[in-house]
There are 2 protein chains.
Amino acid sequence: MAGRRNLLLTGLAAGTLAGGAAPAATAELRGTGDLGLVVERASGSVLIVETTGRTALGRVTGLGDLSHASAVFSRDGRYGFVFGRDGGLTKIDLLRGEVARRIVQAGNSIGGAISDDGRLVAVGNYEPGGIRVFGSATLDPVADIPTGSKVVGLSDIPGRGFIFSLFEAGEVWTATIPEGGPPEIRRFRDVGRQPYDGFVTPDGRHYIAGLFGEDGLARIDLWHPERGVQRVLPGYGRGEEPLPVFKMPHLRGWAVAGEQVFLPAIGRHELLVVDRRDWTERGRVAVHGQPVFAVARPDGRQVWVNFAHPRNDVVQVVDAESLAVVRAFTLGRGVMHLEFTPRGEQVWISVRDANRVEVFDTRSFARLASLPAEAPSGILLAARAQRVGF
Amino acid sequence: MAGRRNLLLTGLAAGTLAGGAAPAATAELRGTGDLGLVVERASGSVLIVETTGRTALGRVTGLGDLSHASAVFSRDGRYGFVFGRDGGLTKIDLLRGEVARRIVQAGNSIGGAISDDGRLVAVGNYEPGGIRVFGSATLDPVADIPTGSKVVGLSDIPGRGFIFSLFEAGEVWTATIPEGGPPEIRRFRDVGRQPYDGFVTPDGRHYIAGLFGEDGLARIDLWHPERGVQRVLPGYGRGEEPLPVFKMPHLRGWAVAGEQVFLPAIGRHELLVVDRRDWTERGRVAVHGQPVFAVARPDGRQVWVNFAHPRNDVVQVVDAESLAVVRAFTLGRGVMHLEFTPRGEQVWISVRDANRVEVFDTRSFARLASLPAEAPSGILLAARAQRVGF
């Protein structure tokens, strides 16, 4: 099996890595609630990290093309499922620090999701377009759902279900997969032109798809699928004197903070502030560049934002109540992602060109740790397993 | 050390228990995200359970008086901290299935909380009245905050803080404990007569205290402590032709579901439905008895309710949108508590006099498992570690 590395009992010394396979019995008995993965895009590897002592525990290599990679976690927090751009799906044992299983399931994939019962892992594919579903224990195939379109914005929904958008077809589909039965598919047509990403609200009730081909968003109420698609935020600025778009914002990073949603405005140096109930615009926040991720601290008091090239060396912190930028950090080129610990006391930020992951206290803004990593991009904590839509 | 029992590698056979201490190396390497504790009140013991295979993994005994016991969990999910009525604070190693440490810290305690950084465990005491704070690693004392009143409604708040109510004094205090520094106390006076319990909203922003001595509730906005206490739901029925109160409802079980809060009406066979934004009453739901716990499924679509003696053999399911009772289960006398898995696909229900814990699928309402337990009361899953106010 490719990519085995042993899990170290203590943190890695900066820049050094132990290789070779460790006997199983040496893996440390420990909880998994504070573990996570840092994607090292250029080297096709991931770091296993822990957020209590704030150290790296080990590295797993051989994961293929990890550009745009993401991961989900088993419901017990022991395993991470890493989705590579090359269609690779790798199940990583976070406790043993090794690859538990790896398949290449398609030619070109763009992320995945895990069902609410933890038994199914779904991957969204560009080539061939569709989703494929695997058993989380073995990665054996369970369902293959071709769409004839690139699949984007794949998310889990309650009830052993998944939801996703079809880029060329302008549709959103849900697929629920009963135990032992065939998938049940529901199609929402004419959702708008070129949905390019989507996400589920934290309660699992609404799916929001961003539209590349027009100025607005599509919203579906999963409690009332019979009501179809609602268009929201029409004319919010996507088509109005657009700036060149250097990088598409990630919808999954949209921030729901109290009664407001903070949304990166495509191509503009702004966050949109949207009413959570009716999705009308409440205001805008001028920020440093084109926002990529706008993520709410779990208590909803702050929104942390990173930016597209060439202004991608800065992170700004927006106060969700006053809408003021209360802090900015200059961290080096290529701030790629940020992730809060589940109770929000820490934020982990990847800085690609500095080859570091920086950890900050979200109240004092003090730097708590700085970990070496090889061109880090996504940071994904195992506590995501406990939430819908991650 | 009292109360060691080994952690079994497989589920317990019904009614049988293996005794004796197991060597450490035999504890199973496994994730902790799906673990939990079931309090066995009469026998001073807890069962360690897992929600993937839905089995009991072992039992830990010798925990003292567990009437009204509760528990919180370490941020890595490995340890549970059980608060006994007799002032006992027991740290349980969920992986080894044994007591890691135990102290008796006061004469009469009523629950506790763990700080957002996971380093501090606080216990609320009746006798002597106050809170005591301990380091989560060692249970060594960190702070002692006497109040001269019984402490109720203790919860964590963001920023290494705790909030709690003083029953006789009619006050609410917050205590934040900087690393290495003395506690910083803030007092809210005249919150109302006899606060008897309290809870923090899921975002950690608001604290709500129930009042036994008058007809209404107290609400504090922790983003704006300078605004003091707001009285909400005055005259909601606490004092209006009251029925005899057989059991005080637990506020910690109040259900925040979408835009609504579902609140057990004290002494009445009703749930109050309250607007989440302004805490005005929106309606009432007639239910089977005096509600004790009203808990929202994590997606907010359903609220599951249990009831006080003598109608404590039933659980009802309320649809949060239509406000209709959509299902009822008769499970046996003494339905004490219910807990959802974090993504809401399962609910675990303790039935004291049946000596069983029942597990249901929350969509199909099928029974998934029935586990033997000795007079079970509280069910507490380790995923609580990832949330504010649990």
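Scan the stretch A:5-13 and give yes if some residue there is within 12 Å of chain B (Cβ to nearest Cβ) and at pLDDT 95 or above, otherwise no. Give the steps one after another, and end with the answer.
Keep residues of the stretch A:5-13 that are within 12 Å of chain B (Cβ to nearest Cβ), which gives A:7.
Checking which are at pLDDT 95 or above leaves us with none.
Checked against the condition, which is being within 12 Å of chain B (Cβ to nearest Cβ) and at pLDDT 95 or above, the stretch A:5-13 yields no hits at all.
Looking at A:R356, A:R363, A:R387 in this structure, which one is of a type in the set (K, R) and out of contact with any Gly (no Cβ under 8 Å at 6 or more places or on another chain)?
A:R387
Return the residue satisfying two criteria in turn: it lies in the stretch B:181-203 and is in contact with a Leu (Cβ under 7 Å, 6 or more places away or on another chain) and of a type in the set (G, A, S), and of such residues it is surrounded by the most Cβ atoms within 10 Å (Cβ to Cβ).
Checked the stretch B:181-203; the qualifying residue surrounded by the most Cβ atoms within 10 Å (Cβ to Cβ) is B:G198.
Could you run through the stretch B:28-48 and say how many residues are assigned to a loop (DSSP other than H, G, I, E, B) and within 14 Å of chain A (Cβ to nearest Cβ)? Quick ask: steps written out before the conclusion?
First, pick out the residues of the stretch B:28-48 that are assigned to a loop (DSSP other than H, G, I, E, B): B:28-34, B:41-44.
Still in the list and also within 14 Å of chain A (Cβ to nearest Cβ): B:28-34.
Looking only at that region, the number is 7.
Pairs needed: first member in the stretch B:149-162, more than 13 Å from every other protein chain (Cβ to nearest Cβ); second member anywhere, assigned to a strand (DSSP E or B) and hydroxyl-bearing (S, T, Y); C-beta distance under 6 Å; at least 6 residues apart or different chains.
As it stands, the answer is B:K150/B:Y126; B:V152/B:S165; B:V152/B:Y196; B:G153/B:S165, since those pairs meet every condition given.
Within the stretch B:209-229, which residues are surrounded by 16 or more Cβ atoms within 10 Å (Cβ to Cβ) and touching a helix residue (DSSP H, G or I) at 6+ places or on another chain (Cβ under 7 Å)?
Selection gives B:G210 alone.
The conditions are (1) surrounded by fewer than 21 Cβ atoms within 10 Å (Cβ to Cβ); (2) in contact with a helix residue (DSSP H, G or I) (Cβ under 9 Å, 6 or more places away or on another chain); (3) away from every other protein chain (no Cβ under 14 Å), and B:R387 fails exactly one of them. Which is it?
With (1) surrounded by fewer than 21 Cβ atoms within 10 Å (Cβ to Cβ); (2) in contact with a helix residue (DSSP H, G or I) (Cβ under 9 Å, 6 or more places away or on another chain); (3) away from every other protein chain (no Cβ under 14 Å) applied to B:R387, the lone miss is (3).
Being farther than 27 Å from A:E127 by Cα, over 21 Å from the mean Cα position of the chain (by Cα) and within 14 Å of chain B (Cβ to nearest Cβ): is that true of A:R227 here? Step through it out loud before you land on a result.
Working: farther than 27 Å from A:E127 by Cα: yes; over 21 Å from the mean Cα position of the chain (by Cα): yes; within 14 Å of chain B (Cβ to nearest Cβ): yes.
The answer is yes for A:R227.
Looking only at the stretch B:312-335, count how many residues are in a loop (DSSP other than H, G, I, E, B) and hydroxyl-bearing (S, T, Y).
So the answer is 1.
Please indicate, with yes or no, whether at least one residue in the stretch B:303-319 is surrounded by fewer than 21 Cβ atoms within 10 Å (Cβ to Cβ) and within 14 Å of chain A (Cβ to nearest Cβ).
Checking the stretch B:303-319: at least one residue is surrounded by fewer than 21 Cβ atoms within 10 Å (Cβ to Cβ) and within 14 Å of chain A (Cβ to nearest Cβ).
Of B:F365, B:F360, B:F340, which residue is crowded, with 19+ Cβ neighbours inside 10 Å, modelled with pLDDT of 95 or more and over 27 Å from B:A113 (Cβ atoms)?
B:F360
Any residue that is at pLDDT 95 or above, on the phi < 0 side of the Ramachandran plot and more than 17 Å from the chain's Cα centre (by Cα) - is there at least one of those in the stretch A:62-71?
yes
Among the listed residues B:G135, B:G77, B:G107, which satisfies the condition of being in contact (Cβ under 8 Å) with a residue 24 or more places away in the chain and not aliphatic (A, V, I, L, M)?
Details: B:G135 fails: in contact (Cβ under 8 Å) with a residue 24 or more places away in the chain; B:G107 fails: in contact (Cβ under 8 Å) with a residue 24 or more places away in the chain.
On inspection, the qualifying residue turns out to be B:G77.
From the residues in the stretch B:76-110 that are away from every other protein chain (no Cβ under 13 Å) and in a loop (DSSP other than H, G, I, E, B), which one is surrounded by the fewest Cβ atoms within 10 Å (Cβ to Cβ)?
Checked the stretch B:76-110; the qualifying residue surrounded by the fewest Cβ atoms within 10 Å (Cβ to Cβ) is B:G107.
Provide a single number: the residues in the stretch A:336-364 that are within 13 Å of chain B (Cβ to nearest Cβ) and not in a strand (DSSP E or B).
8
Residue-by-condition table, conditions (1) within 21 Å of the chain's Cα centre (by Cα); (2) at pLDDT 95 or above:
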residue	(1), (2)
B:D299	yes, no
B:D313	yes, yes
B:S322	no, yes
B:V325	no, yes
B:V335	yes, yes
B:G344	yes, yes
B:V347	yes, yes
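So which residues in the stretch B:111-127 are surrounded by fewer than 21 Cβ atoms within 10 Å (Cβ to Cβ) and at pLDDT 95 or above?
Passing the criteria: B:D117, B:R119.
Which pairs turn up if I take residues in the stretch A:204-219 that are under 14 Å from A:I157 (Cα atoms) and look for partners that are polar (S, T, N, Q) and at pLDDT 95 or above with beta carbon separation below 8 Å, at least 6 apart in sequence or on another chain?
Every condition considered, the pairs that remain are A:Y207/A:S155.
Output the residue which, of all residues in the stretch A:173-218 that are out of contact with any Gly (no Cβ under 7 Å at 6 or more places or on another chain) and among the aliphatic types (A, V, I, L, M), is nearest to the other protein chains (Cβ to nearest Cβ).
Applying the filter and picking the extreme gives A:I177.
If you scan the stretch B:111-131, which residues turn out to be outside any loop (DSSP other than H, G, I, E, B) and either more than 14 Å from chain A (Cβ to nearest Cβ) or in contact with a helix residue (DSSP H, G or I) (Cβ under 6 Å, 6 or more places away or on another chain) (or both)?
The answer is B:G111, B:G112, B:V121, B:A122, B:V123, B:G124, B:N125, B:Y126, B:E127, B:G130, B:I131.
Test B:A137 against the stated conditions and say whether it is more than 19 Å from the chain's Cα centre (by Cα) and within 14 Å of another protein chain (Cβ to nearest Cβ).
Numbers: more than 19 Å from the chain's Cα centre (by Cα): yes; within 14 Å of another protein chain (Cβ to nearest Cβ): yes.
Yes, satisfied.
Any idea which residue in the stretch B:49-75 is surrounded by the fewest Cβ atoms within 10 Å (Cβ to Cβ), counting only those that are away from chain A (no Cβ under 14 Å) and not in a loop (DSSP other than H, G, I, E, B)?
This residue is B:A56.
Do you know which residues across the stretch B:283-302 are away from chain A (no Cβ under 14 Å) and part of a strand (DSSP E or B)?
Within the stretch B:283-302, B:G283, B:R284, B:V285, B:A286, B:P291, B:V292, B:F293, B:A294, B:V295 qualify.
The values are calculated or read from the model by the stated rules, or taken from the named source; none is laboratory data. All values derive from a computational prediction rather than experimental measurement. When we count neighbours, we look across all protein chains shown, and the Cβ atoms used for this are built from the backbone with ideal geometry, even at glycine.
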